[in-house]
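Laboratory data are not the source of any read-out in this text; all were calculated from the coordinates shown. Here the structure is a predicted model, which means the values were calculated and not measured. Reconstructed Cβ throughout: ideal geometry from the backbone, glycine too, with neighbour counts over all protein chains shown.
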Amino acid sequence: MRLLRRTGQGVSKGLLITNVRLVDGHSDFRGDLYIEDGLISAVGRGLRIPDADVLPGGGRTLLPAFVDLHAHFRDPGYPEKEDIESGSAAAVHGGYTAVAVMANTNPVCDRPEIATYMQEKAARAGLIELYPLGTITRGIAGEELSNMDGLAPHIWAFSDDGRGVERPNVALLAFRRAAALGRPIAEHSEYRGIDDPALAEEVMVNRDLLLARRTGCALHVEHVSSVGSVELISAAKRDGVPVTCEVTPHHLCLEPGYIVNPPLVPREVRERLLAALASGVIDAVATDHAPHTAADKEKGAPGISGIETAFPLLHSRLVRTGQLDLQSLVRAMAARPARILGLNKGSLEPGRDGDVVLIEEDEEFTVTEDWLLSRGKNTPLIGQRLRGRVWATVRRGQVVHLDGKTFGRDFDDHRSIV
Ligand code: DOR
């Protein structure tokens, strides 16, 4: 099937996507979108562009591509769970073109060389933009600060994700250093000594808000899962404390049962998390994509391989049921995480990066192990039927995923799809 057409005989200048419903945080209308030199150049009805490649949208919904603030690509160290190529393929299959990857690799990302290794490998794979996080402490041991000065130019934030920084003075020194370096602290908020998971989170959120207030360091609270944390963050935001936070698709949508850290929460808590997302107290949805082998999962490894199911799950469970409008979801998955990462992405305005996705809102599909491009098949959604499949992903005007196939560096010219 010929999916890309050409207008005119000359050399193509850009990509024209026709006949779509365009939705971003500001607008919702039917029309076309044109990307030239990697940037959105025009949106409107009946666009006529000489010498463009044309991707007929077939009435599908076009959104800004998603930006993930929190994923585990396990590279270096655990290629049997995921590596940067398979993680990138899974990301574009899920509609993500920019992904922040966590530092709990092996070796951990506590040195600049690890961050550059990750970025160079992602650039070679040619699918996504990868933004590493660097560890707060050496070896994620929670004792001594990592080489924060050396890491800072290569990372967007510092995090010991997988573990909270428990020792208060280590945390204070880290917040001070991160503030001086102009990088956020992204905290996995959990005191392991406390038996109540909500309290274990709230105690650390509370301490970190005090540290952010005192040091001026930007704090990003990862995978918020308690009402108390939301209340603390909301009050701190009102006071002008520089804090942002994220929630995962699974903490919004799934019943407790599957092992993930922090643990899944009951319906009343999910409803409060959703209300906080809709109001903007929770800034972003982040996947916490955590691929594991079947053997590790059986041994109790926490986490869900979720970057490919994030949008379909949220669309099926929250948008289609009328609990969240599509524009709010797009803000949470694209505009706000892009702003947090400092990227020129997340909306369909001319001048933004030409990163978009095409969604099949109505067609139902089944999540199977084969459908997932991630090596991690650890998701409780296997066998479930969802709607809101990502049909195509475009990064800077290049089709990087179409109908389950990915097109990275080996397919440098997206016209090879034709
Ligand atoms: O479920 C989780 N898995 N939560 C985390 O914080 C870490 C992650 C992992 O690395 O597997």
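How large is the convex hull of the Cα atoms of the stretch 324-384 per residue, expressed in Å³ as a whole number? Could you put the intermediate results ahead of the total?
On the way: hull volume 9.0 nm³, N = 61.
Convex hull volume per residue, Cα atoms: 148 Å³.
If you put +1 on each Lys and Arg Cβ and -1 on each Asp and Glu Cβ, how big is the dipole of the stretch 246-398 around its Cα centre, in Debye rounded to 20? Each step should come with its number before you reach the end.
Numbers: 19 positive and 20 negative charges, 54 e Å.
With only Lys, Arg, Asp and Glu charged at Cβ, the dipole is about 260 debye.
Send over the Kirkwood Rh of the stretch 246-304, from the inverse of the averaged 1/r over different Cα pairs, rounded to one decimal Å.
Working: mean 1/r = 0.0823 Å⁻¹.
Taking every pair of different Cα atoms in the stretch 246-304, averaging 1/r and inverting gives 12.2 Å.
What are the extents of the Cα atoms of the stretch 73-229 along their three principal axes, in Å, largest first?
Result for the stretch 73-229: principal-axis Cα extents of 41, 32, 23 Å.
How large, in Å, is the chain by the Kirkwood hydrodynamic radius built from its alpha-carbon pairs? Intermediate values should be presented prior to the final figure.
Numbers: mean 1/r = 0.0466 Å⁻¹.
Result for the chain stands at 21.4 Å.
Using a 10 Å cut-off around each Cβ, can you sort CYS253, CYS217 from fewest to most neighbouring Cβ atoms? Provide the component values of the computation, followed by the final result.
Values: CYS253 19, CYS217 25.
Sorted ascending by nearby Cβ count, the order is CYS253, CYS217.
Please list the three semi-axes, largest first and in whole Å, of the ellipsoid equivalent to the stretch 1-96, using sqrt of 5 times the eigenvalues of its alpha carbon gyration tensor. Before the final figure, lay out the partial values.
On the way: eigenvalues 198, 59, 27 Å².
Square roots of five times the eigenvalues give 31, 17, 12 Å.
Normalised radius of gyration for the stretch 17-62, please: alpha carbon Rg relative to 2.2 N^0.38 Å, two decimal places.
On the way: Rg = 10.2 Å, N = 46, 2.2 N^0.38 = 9.4 Å.
Cα Rg divided by the expected 2.2 N^0.38 Å: 1.08.
For VAL243, VAL330, what ranking results if the residue with the fewest other Cβ atoms within 10 Å of its Cβ goes first?
Numbers: VAL243 23, VAL330 26.
Going from least to most buried by this count: VAL243, VAL330.
Hey, could you get me the Stokes-Einstein D for the stretch 104-176, Kirkwood radius over alpha-carbon pairs, 37 °C and 0.692 mPa s, rounded to whole µm² s⁻¹? If you can, show how the numbers build up before the last one.
Working: Rh = 12.5 Å.
It comes out at roughly 263 µm²/s.
Across the stretch 31-46, in residue order, what do the Karplus-derived ³J(HN,Hα) couplings come to in whole Hz, using 6.51 cos²θ - 1.76 cosθ + 1.60 with θ = phi - 60° and x for Gly and Pro?
Running phi through 6.51 cos²θ - 1.76 cosθ + 1.60 with θ = phi - 60° gives x, 10, 9, 10, 10, 9, 6, x, 10, 5, 10, 7, 10, x, 9, x Hz.
Name the long-range amide H neighbours of THR61: under 5 Å, sequence gap of 5 or more, or other chain; modelled H, no Pro or chain starts.
Sorted by chain and number, the residues that satisfy this are ARG21, ILE359, GLU361.
Would you mind checking the tilt of helix 84-93 against the longest principal axis of the Cα atoms of the chain, expressed as 0 to 90 degrees and rounded to 10?
With rounding to tens, the tilt is 60 degrees.
Could you put TYR34, TYR96, TYR117 in order, starting from the residue whose Cβ has the fewest other Cβ atoms within 10 Å? All intermediate terms of the calculation are to be shown ahead of the outcome.
On the way: TYR34 24, TYR96 34, TYR117 18.
Going from sparsest to densest Cβ surroundings: TYR117, TYR34, TYR96.
Between the helical axis of 112-125 and the dominant principal axis of the chain, each derived from Cα atoms, what acute angle in degrees is found, rounded to the nearest 10?
Helix 112-125 sits at roughly 20 degrees to that axis.
So what's the angle, to the nearest 10 degrees on a 0 to 90 scale, between helix 267-279 and the longest Cα principal axis of the chain?
Helix 267-279 and the main axis of the chain meet at about 60 degrees.
When DSSP assigns beta bridges and you keep just the ones with both residues in the chain, what percent turn out antiparallel, to the nearest 5?
Details: 35 of 64 bridges.
Of those bridges, close to 55 percent are antiparallel.
Using Cα-Cα distances under 8 Å and only pairs 6 or more residues apart, what relative contact order does the chain have, in percent?
20 percent
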